[in-house]
Amino acid sequence: MKKLFILLFFVCFISLFVFLIVSYREIQKKSYKGVYMGRINVENITQKEISKKLLANYQKTFQVKIQDRIYKMSYEQLGILLDVNSGIKNIFEYNNLSFPQNVIKYVRSFSSQKMVITPLVFTQDYRAYIEKTRFDFTAKNDTVTVDNTDKSLTVQNNSRVYQIDGEHLQSLLVFGFGQENGIFEPRLIQLSTDEKQKQLETTNQQIQSYFREPIQIVIQTEKGLQYVHLVGDELRSIFNVAYDSQTKQVSYTHNDTLLTYLLDNKIDPLLTRSSKVDKKLLKSDVLSTFTARSRQVTASTQYIPLQQRENPNTHGEVANRYIEVDVSDQKMFLFDGGILVKSYVISSGLYYPTPRGHFNIMNKALEGYSDIYNVYMPYWMAFYYGWAGGQDAYFGIHELPYWYAGGERKQRPREFLGSPHTGGCISLDIGAAKEVYDFSFVGMDVVVFD
């Protein structure tokens, strides 16, 4: 009986041992109990099943809440990849332990949980998305005010522009992977206003530089060249700064009474009784000279050549609206409805003569280019086609030309106005050319006198 009992015990022990070995081998093929990846239960399943489960959740879209707005997103859209192999390796970490540690871990898994970090790979595309994506909750525009005492701008920043906290969203996606019907609500970072403040400081510095440099008026008198300067304090008293909130552009206006007073007191003592100066034109030139600085197309100190005024050759009879050019006096006159409405100092042809006669505006362009002289000609208005520089070319009216040398923009000196210096075209001052361009139309009469 005792032998039978021993035999029976031995058979049971062998059977239990075989059962445990078979079960253990089967267990090694599956994940342990209580294993989670993010919010996904991946316990007691094979690697193949885990792979399908992870990929299925990766391909789902999820929702991100930005304040009161909900956005539907995907991992691929954000540039996030899923490393399935790395995830499986982490899930089966305990299975690969040596005996008896693996058995101990397996037994403990029945009473505990193991949280495996989701192997999401956040690529450069994810960082780029976070960096470039802005969420604008601005209720009203910034308010820019002008202080015309010290000629500066101040801004009240009303913007509410946010950027997602990339690291926080990354954490939410890793630990919330597989979350059913969940909404991720990452922290937001309100963008700094430092950039706006720097831009405003730059603008204020530019404004101050426009007032810092004088404007020099050059007058041709019987005694020779006379120079009149409008210096910084005088410019500050004459000009006011304005800001357009729609276009976000700075512009300038002038105090006409004060400008007239300054010019009268500075220029009149230099002129003889027979001298005539077009004060209206001069004031316009001073304004266009100053505002041209904001376009940064001229040197800091600018010159306005001013000659004693001569009368035009016509009296409004050529056409309802037309342009007259007097080469000998280096002047241009605009007529509208039989009335002289404006006159300008010009520079005519030196290297090739400006054509004389009766012409018409042939074509217009905001900017022309000369292949002969390799210069750009703003506010181009062609009026004649003929021989120049060994080839046929257009002759036109345009602003003082400019060109590039060594990567730097070069401007034809304004001192050239008032005397011939061109290749046959008619050059106007900066600002004046745009006025003539806006005044003219294709087909308009142009008469050029000696």
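Does any residue of the range 308-320 turn out to be in contact (Cβ under 8 Å) with a residue 60 or more places away in the chain, in contact with a strand residue (DSSP E or B) (Cβ under 8 Å, 6 or more places away or on another chain) and not in a loop (DSSP other than H, G, I, E, B)? Scanning the range 308-320, I find no residue that is in contact (Cβ under 8 Å) with a residue 60 or more places away in the chain, in contact with a strand residue (DSSP E or B) (Cβ under 8 Å, 6 or more places away or on another chain) and not in a loop (DSSP other than H, G, I, E, B), so the answer is no. I'd like to know if the range 59-77 contains one or more residues that are in contact with a Lys or Arg (Cβ under 8 Å, 6 or more places away or on another chain), modelled with pLDDT under 90 and more than 22 Å from F175 (Cβ to Cβ). No: zero hits.
Let's see how each residue does on (1) in contact with a helix residue (DSSP H, G or I) (Cβ under 8 Å, 6 or more places away or on another chain); (2) at negative phi:
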position	(1), (2)
V375	no, yes
I397	yes, yes
G424	no, no
F441	no, yes
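Filtering the range 410-442 to residues that are buried (at least 17 other Cβ atoms within 10 Å of the Cβ) and small (G, A, S) leaves G418, G423, G424, S427, G431, A432, A433, S440.
Looking at the range 371-419, the strands (runs of 3 or more DSSP E) lying wholly inside it that each contain 1 or more residues that are of a type in the set (F, W, Y) and at pLDDT 90 or above sit at 375-388, 391-399, 402-405. The combined condition, being within 22 Å of L200 (Cβ to Cβ) and not aromatic (F, W, Y), is fulfilled by K140.
Somewhere in the range 417-435, is a residue free of Cβ contacts under 8 Å to residues at least 60 places away in the same chain and either under 28 Å from S251 (Cβ atoms) or assigned by TED's automatic domain parsing to the domain that holds D326 (or both)? The answer is yes, given that some residue of the range 417-435 is free of Cβ contacts under 8 Å to residues at least 60 places away in the same chain and either under 28 Å from S251 (Cβ atoms) or assigned by TED's automatic domain parsing to the domain that holds D326 (or both).
Let's see how each residue does on (1) acidic (D, E); (2) modelled with pLDDT under 75; (3) out of contact with any helix residue (DSSP H, G or I) (no Cβ under 8 Å at 6 or more places or on another chain):
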{"residue": "Q308", "(1), (2), (3)": "no, yes, yes"}
{"residue": "P312", "(1), (2), (3)": "no, no, yes"}
{"residue": "R321", "(1), (2), (3)": "no, no, no"}
{"residue": "D336", "(1), (2), (3)": "yes, no, no"}
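Across the range 50-65, the number of residues qualifying as touching a strand residue (DSSP E or B) at 6+ places or on another chain (Cβ under 9 Å) and either closer than 17 Å to P119 by Cβ or surrounded by 17 or more Cβ atoms within 10 Å (Cβ to Cβ) (or both) comes to 8.
The values are calculated or read from the model by the stated rules, or taken from the named source; none is laboratory data. What you see is a predicted model, and the numbers here were worked out from it, not measured in a lab. Here Cβ is always computed from backbone atoms with ideal geometry, including for glycine, and neighbour counts include all displayed protein chains.
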